[in-house]
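Take a look at the structure set out below.
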Amino acid sequence: MANLNDDDKSQENPIENPINDEDSKNIKKDASIEEELKNTEDKLLRALAEIENQRNRFEKEIKEAIDFGGFNFARENLAILDNLQRAHQSIKTDPSLKNSKDLDKFLKNLEIIEKDLLSIFKRNKIDRIDTKGKKFDPNFHQAMTEVKNDKELPGTIVQEIQAGYMFGSRLLRPSLVSVSKKSENIEEKNETKNKKKD
């Protein structure tokens with residue numbers, strides 16, 4: 001067999017280049033730098049998301065402050081309207097003032113003031129809640145009494161005791177109402193029918 005020279009030996013059994021300590025340190029450095037970059041990028045993205053969330057929150061709060069900034073002021077003005085309406089009713093039914101020749105003029109002036117106040121409310125998105133013949137809704141109405149009424153379905157508003165108001169889309173004050181309920185006679189008849197069926 002022919003002797004292989006040194007060059008051929010190096011080709012047959014290639015000797016692997018061992019990684020020296022400096023190269024492994026560089027590889028570890030590169031890996032740790034990449035990890036740090038990923039961590040930093042992740043932190044940066046989280047911080048940007050948090051800033052965006054805060055900006056959205058602030059915009060929402062500013063919009064609510066603009067839209068509903070006068071909420072408490074509007075609620076307190078309802079007391080003025082209530083007192084004006086009570087005064088109108090009281091003066092109208094006062095027996096000592098019934099014979100006064102100026103009573104009608106005075107009542108008309110009160111009505112004009114009331115209409116002006118209601119138009120101011122309307123312009124500022126303060127709207128009266130409609131209750132006439134409506135189904136009782138606890139989101140907008142507060143039941144003060146139940147009235148036996150066979151003409152209306154149970155849970156129907158039959159009387160408004162005090163008007164309720166909305167301020168835009170928010171409830172300013174619920175309507176105080178009387179709600180219909182079945183009379184006992186109808187309930188007893190239904191119970192009797194049910195017992196007969198059994």
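A few notes on this one:
- Selection within region 140-179 - aromatic (Phe, Trp, Tyr) and within 14 Å of residue 130 (Cβ to Cβ): 140, 165
- Applying the criterion of at least 1 residues that are at pLDDT 85 or above and either exposed (fewer than 10 other Cβ atoms within 10 Å of the Cβ) or over 39 Å from the mean Cα position of the chain (by Cα) (or both) to the helices (runs of 4 or more DSSP H) found wholly in region 1-113 leaves 21-68, 71-93.
- Going through (1) modelled with pLDDT of 85 or more; (2) under 30 Å from residue 182 (Cα atoms); (3) touching a helix residue (DSSP H, G or I) at 6+ places or on another chain (Cβ under 7 Å) one by one, residue 150 falls short only on (1).
The values are calculated or read from the model by the stated rules, or taken from the named source; none is laboratory data. Values in this document were obtained by computation on a predicted structure and should not be read as measured data. Here Cβ is always computed from backbone atoms with ideal geometry, including for glycine, and neighbour counts include all displayed protein chains.
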